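Peer 1: Handing you this structure, nothing more for now.
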Amino acid sequence: MAYQSVKGTNDTLPSKSYQWHYIEDIFRKSADLFGYKELRTPIFEKTEVFSRSLGEETDIVGKEMYTFEDKGGDMLTLRPEMTAALVRSVIQHSLANEVSDLRLWYFGPFFRRERAQKGRYRQFHQFGAECISSPNPEADVEVIQLAVEIINRLGIDDYKLLLNSIGNTESRKVYKEELVKYLKSHNDKLSADSRNRLEKNPLRVLDSKDSGDREVVENAPVILDYLDDVSKSHFDQVKNLLDQLGIPYEIEDKLVRGLDYYCHTVFEFQSTALGAQNSFGGGGRYDGLFSQLGGKDTPAVGFAMGVERLLLIVDEIGKMPRPEPDCEFYIVNKSEKNIPVSFKIQDILRRHCKSVISDLQRRSVKGQFKESGKLNAPYTITIHDDYPETGKITLKHFDKGIQEDISLEELENYKFD
Ligand code: AMP
């Protein structure tokens with residue numbers, strides 16, 4: 001039997017790759033508009049980069065990482081997310097500077113051994129942006145605004161921005177104590193996973209999908225009631241600025257996001273077009289991560305968006321652009337002796353930046369015209385048998401109703417629009 005791809009991974013077929021180019025162009029363009037520069041890192045890192053930053057208690061580190069020992073005995077992991085790898089790189093190359101903002105974006109594949117289903121894959125792609133060095137709420141808003149720019153450019157109107165603050169370390173300490181007290185009083189209703197997490201990382205219980213846990217969490221104390229003045233002021237400034245920009249959001253007081261390194265602002269984007277996997281992006285502030293990974297204390301905030309999920313949404317809401325024709329010109333060659341002429345014509349057209357293809361199967365003239373129609377090429381060029389004598393080829397534009405006999409010199413100087 002022929003091989004199949006690994007479960008939870010996808011091939012992007014030629015008929016769909018234009019959709020990826022479309023969305024990648026929007027990412028790039030939007031990042032440019034905000035002055036963000038691309039950072040590329042390897043797709044694998046030393047395992048510790050992730051295990052030390054995400055938290056041992058997270059599903060990602062506990063259950064989902066593709067970790068292996070290489071032939072030299074190093075423990076390596078296919079990156080399950082970017083932030084930790086990006087911070088590793090920023091520290092390694094001393095890119096961050098207290099007095100100026102470092103604005104970075106990334107795009108690429110990530111790997112998590114999750115239960116594969118629609119919108120949830122084992123290799124998936126994220127676009128993300130990180131704003132490094134500013135402790136101020138305007139940095140939080142800037143990254144949210146960049147995410148919204150992308151969402152708008154993709155034509156996604158029906159989405160929700162959920163917003164919360166998990167405060168600074170001091171606020172979280174007080175809150176965690178109260179939360180643990182509450183959760184312990186409902187210990188019998190909690191799942192085994194949540195009971196385990198209760199001591200080490202009680203906030204994670206708020207993220208649980210288990211229905212019993214969700215019932216308990218419903219009436220749990222909320223972090224917003226425990227924010228100290230500094231945390232409250234940070235959050236108020238974020239909300240005020242979003243209000244002034246007219247970016248709508250909903251406060252979701254149980255939103256904590258799964259990873260250990262977040263503080264203050266956390267957010268998530270959801271769409272009703274997605275069904276069960278309704279989250280298509282999220283992020284937050286992570287002021288403690290740099291020091292956790294051995295760097296100098298550096299404040300930072302960022303987000304990541306799932307590309308497969310964005311593509312599903314854009315398709316579902318009917319906003320996916322139609323594919324461009326495979327090529328603008330198709331060469332119909334009536335005689336094998338004129339193959340060199342065909343190649344010459346193609347060369348001329350490509351220097352005009354026109355895409356062009358010719359038949360490589362030596363099909364009949366009828367077959368070539370049929371192929372040209374199938375490809376939807378707006379232009380055909382016909383090379384007649386008697387080209388060596390006449391020196392003329394026929395250029396035809398179907399929609400414009402143009403048909404002209406021209407020489408190769410005239411083609412060289414042709415004014416295409
Ligand atoms: P996270 O890094 O978990 O905050 O995820 C950010 C975004 O990446 C999510 O909102 C999803 O859109 C996407 N994402 C995360 N995990 C997967 C996955 N296994 N398959 C597809 N998309 C994913």
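The values are calculated or read from the model by the stated rules, or taken from the named source; none is laboratory data. The structure displayed is predicted, hence computed values, not measured ones. Cβ: placed from backbone, ideal geometry, glycine included. Neighbour counts: every protein chain shown. Surface accessibility is based on the protein's heavy atoms, side chains included, excluding ligands, DNA and RNA. Shrake-Rupley method; radii C 1.70, N 1.55, O 1.52, S 1.80 Å.
Peer 1: Tally the residues that are within 12 Å of the ligand (Cβ to nearest atom) and either part of a loop (DSSP other than H, G, I, E, B) or open to solvent by 40 Å² or more (accessible area, probe 1.4 Å) (or both), restricting the search to the range 116-175.
Peer 2: Qualifying residue count, the range 116-175: 9.
Peer 1: Step by step: first the residues of the range 236-257, then only those that are part of a helix (DSSP H, G or I) and acidic (Asp, Glu), then the one that is least open to solvent (accessible area, probe 1.4 Å). Which residue is that?
Peer 2: Among them, the one singled out is ASP236.
Peer 1: Next up: Can you tell me how many residues in the range 328-362 are under 22 Å from SER15 (Cβ atoms) and free of Cβ contacts under 8 Å to residues at least 24 places away in the same chain?
Peer 2: 2
Peer 1: List every residue pair whose Cβ atoms lie under 9 Å apart, where the two residues are 6 or more positions apart in sequence or sit on different chains, the first residue falls within the range 233-246 and is over 15 Å from VAL148 (Cα atoms), and the second residue, located anywhere, is among the basic types (Lys, Arg).
Peer 2: Matching pairs, first to second residue: HIS234/ARG285.
Peer 1: Determine if the range 40-51 includes at least one residue that is assigned to a loop (DSSP other than H, G, I, E, B), within 16 Å of the ligand (Cβ to nearest atom) and among the hydrophobic types (A, V, I, L, M, F, W, C).
Peer 2: Scanning the range 40-51, I find at least one residue that is assigned to a loop (DSSP other than H, G, I, E, B), within 16 Å of the ligand (Cβ to nearest atom) and among the hydrophobic types (A, V, I, L, M, F, W, C), so the answer is yes.
Peer 1: May I pose another question? Which one is surrounded by the fewest Cβ atoms within 10 Å (Cβ to Cβ) among residues in the range 71-113 that are hydroxyl-bearing (Ser, Thr, Tyr) and outside any loop (DSSP other than H, G, I, E, B)?
Peer 2: SER100
Listed here are the residues, each with its yes/no results for (1) assigned to a loop (DSSP other than H, G, I, E, B); (2) modelled with pLDDT under 95; (3) open to solvent by less than 10 Å² (accessible area, probe 1.4 Å).
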residue	(1), (2), (3)
GLU324	yes, yes, no
CYS327	yes, yes, yes
VAL332	no, no, yes
ARG350	no, no, no
GLY373	no, yes, no
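Peer 1: Name the pairs: first residue in the range 264-291 and more than 19 Å from VAL141 (Cα to Cα) and free of Cβ contacts under 8 Å to residues at least 24 places away in the same chain, second residue more than 12 Å from the ligand (Cβ to nearest atom) and open to solvent by 10 Å² or more (accessible area, probe 1.4 Å), Cβ to Cβ under 6 Å, at least 6 apart or on different chains?
Peer 2: SER291/ASP297
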